[in-house]
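The values are calculated or read from the model by the stated rules, or taken from the named source; none is laboratory data. Since the model is a prediction, treat every value here as computed from it, not as a measurement. Because the Cβ atoms are built from the backbone with ideal geometry, glycine has one as well, and the counts that use them run over all protein chains shown. In case anyone asks, the SASA skips ligands and DNA or RNA and just uses the protein heavy atoms, side chains included. Shrake-Rupley method; radii C 1.70, N 1.55, O 1.52, S 1.80 Å.
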Amino acid sequence: MTGEAETLRSELRTRLPDRLPPRLGIAVSGGGDSVALMHLLHEIAQAEQVDLFAATVDHGLRPESASEAICVAEQAAGLNIPHETLRWQGWDGAGNLQDQARQARYRLLTDWANRNDISAIALGHTADDQAETVLMRLGRAAGVTGLSGMPWVRDQNGVSLLRPMLGITRQTLRGYLSRIGASWIEDPSNQDFKFDRIKAREALTGLEPLGISAQSLSRVAENLAQAREALAHYTQESARRVTDMDSGDICVDRNGFELLPAEIQRRLVIGITVWIAGPGYPPRGAAVDQAVAAVRDAKTLTLAGCLLIPHGDKMWFCRELNAVATEITTPEKLWDDRWVLSGPRTVGAEVRALGETGLPQVPEWRALGKPRMALLASPAVWSGENLLAAPLVDYSNGWTAEMAPQRPEFYSSLLSH
């Protein structure tokens, strides 16, 4: 038993940062995977003098969820790990429940981490979860990025999300729990075939005679993740050659873009769009192909909150006015999740888009040499209907517009897509 536990701890530890943060969070649902993670990390943390904190998200979707969270709290207390239950009450019965629950789960967890000065959270995803993800994405004809599965590490809301068990199977973890006498909860939804993940789980069982297993698919995902990283570096190098940044917009040299391989063209379009419009669901498939064609054919196009505008031998990628038309904030506050405007103290001043009303109030906007439509979604300072300033359109009047510090520099952002 000692040897088995040591092997598991060693495998898990190799997938964690070389130096663990002094305060490390664990997301524990009560299922076998996350409970095993809590026990294994408890032993690692003791050896490395790391403080652990556990959180359980209660989605409130099953009558048993509250009592299950209490069971997790009791197990955490037995290991002297502080525990908090995070309750979600945000579903109104509309939309995709699983997707909304997933987004809420990560939002609640990262908010909890930020409140408690926790810089990283370990998640209990396993090789089986990775294999199921790959199978589902195969069904959607995913490319390299999709088939590389879930990343071992990613940042969300300023918190590192760690998945150190993507190489360990569910069966191995449950065997470990049984031998140490730990209990776990079986979620009844794991038997519900209306969910694609459960269908993928069943399909994986049928593929085992071909040698296609959770571990083999997990290794495939890891191989493709390495290919994805190589493509990301090539995309970044290409972007440095064929793009320029201009006040939060990206200007693409169409001739240079046309010489790039199709895969790099698509990645560049996605990277530019995500950087301008912000995180969320990036454009996919047919929409990206349409954007690539628009650059080639010099056609105007809207894409995921962005506007593509041909201008000579360039293609401007900028924010779409409709996406920010209702965005209103005050100076020194974040506008459109990326701009902070500062200037003279002015009672009643507010920040909103320059728009069709504001642009005529900027005397020299034509001298900027930018397409007119590229200027409309830029942030401006207003007092009622009177335009006070539009710093990105060379109408500052003592005001400045700075990119939010949490927004990464464009070229470095391409390594994360």
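Structure summary
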{"item": "Square roots of 5 times each gyration tensor eigenvalue, C-alpha, the chain, largest first, Å", "result": "45, 26, 19"}
{"item": "Phi-based couplings in Hz for segment 342-352 (Karplus 6.51, -1.76, 1.60; Gly and Pro marked x)", "result": "10, x, x, 5, 9, 4, x, 5, 9, 10, 8"}
{"item": "Theoretical ellipticity at 222 nm over the chain - DSSP helices of four or more residues, -39500 (n - 2.57) apiece, nearest 500", "result": "-13500 deg cm²/dmol"}
{"item": "Whole-angstrom gap from segment 251-276 to segment 68-82, using each part's C-alpha centre", "result": "49"}
{"item": "Integer Hz, Karplus 6.51/-1.76/1.60 couplings in order for segment 117-130, x for Gly and Pro", "result": "6, 9, 8, 8, 10, 8, 10, x, 5, 10, 4, 5, 4, 5"}
{"item": "Area accessible to solvent at S178, 1.4 Å probe radius, in Å²", "result": "80"}
{"item": "Long-range HN-HN contacts of Q156 with modeled amide H, under 5 Å", "result": "L161"}
{"item": "Heavy-atom surface of the chain, accessible at 1.4 Å and reported per residue (Å²)", "result": "49"}
{"item": "Segment 6-88 - charge dipole about Cα centre, Lys and Arg +1 at Cβ, Asp and Glu -1, debye rounded to 20", "result": "200"}
{"item": "Karplus-derived 3J(HN,Hα), 6.51/-1.76/1.60, for each residue of segment 330-340, Hz, glycine and proline x", "result": "10, x, 6, 9, 6, 10, 6, 6, 8, 10, 10"}
{"item": "Kirkwood Rh, angstrom, segment 290-417 [1 / mean 1/r, Cα pairs]", "result": "15.6"}
{"item": "Amide H partners (placed H, <5 Å) of C306, local residues excluded", "result": "E320"}
{"item": "0 to 90° range, to nearest 10: angle between helix 170-180 axis and the chain longest Cα axis", "result": "50"}
{"item": "Amide proton proximity set for I168, modelled H, under 5 Å, gap of 5+", "result": "A127"}
{"item": "Unit charges on C-beta of K, R, D, E only; dipole of the chain, Debye", "result": "560"}
{"item": "Positive dipole terminus of the chain, leading residue within V269, V324, H311 (C-beta point charges)", "result": "H311"}
{"item": "Accessible-area composition of the chain, carbon plus sulfur, in percent [1.4 Å probe]", "result": "50"}
{"item": "Shape metrics for segment 1-133, restricted to C-alpha atoms - Rg then Dmax, Å", "result": "15.3, 49"}
{"item": "Net charge over other residues, Cβ less than 15 angstrom from the Cβ of A377 (K, R count +1; D, E count -1)", "result": "-2"}
{"item": "Viscosity 1.002 mPa s, temperature 20 °C, Stokes-Einstein D of segment 219-356 from Kirkwood C-alpha radius, µm²/s", "result": "130"}
{"item": "Stretchable slack from L210 to S383, in nm (0.36 nm times residue separation minus alpha-carbon distance)", "result": "55.4 nm"}
{"item": "R0 of 25 Å, Cβ-Cβ distance Q103-V144: FRET efficiency to nearest 0.05", "result": "0.55"}
{"item": "Accessible surface of T400 - all protein chains present, 1.4 Å probe, nearest 10 Å²", "result": "70"}
{"item": "Contact order relative to length of the chain, as percent, for alpha carbon pairs under 8 angstrom and 6 or more apart", "result": "11"}
{"item": "Taking segment 38-152 and dividing mean pair separation by its residue count, relative contact order in percent (alpha carbons under 8 Å, at least six apart)", "result": "19"}
{"item": "Mean Cβ neighbour count within 10 Å, used as a protection proxy, ranking 106-114, 126-134 highest first", "result": "126-134, 106-114"}
{"item": "Taking all pairs of distinct alpha-carbon atoms in segment 121-222, Kirkwood radius in angstrom", "result": "14.7"}
{"item": "Length-normalised contact order for segment 324-389 - Cα pairs under 8 Å, 6+ apart - percent", "result": "33"}
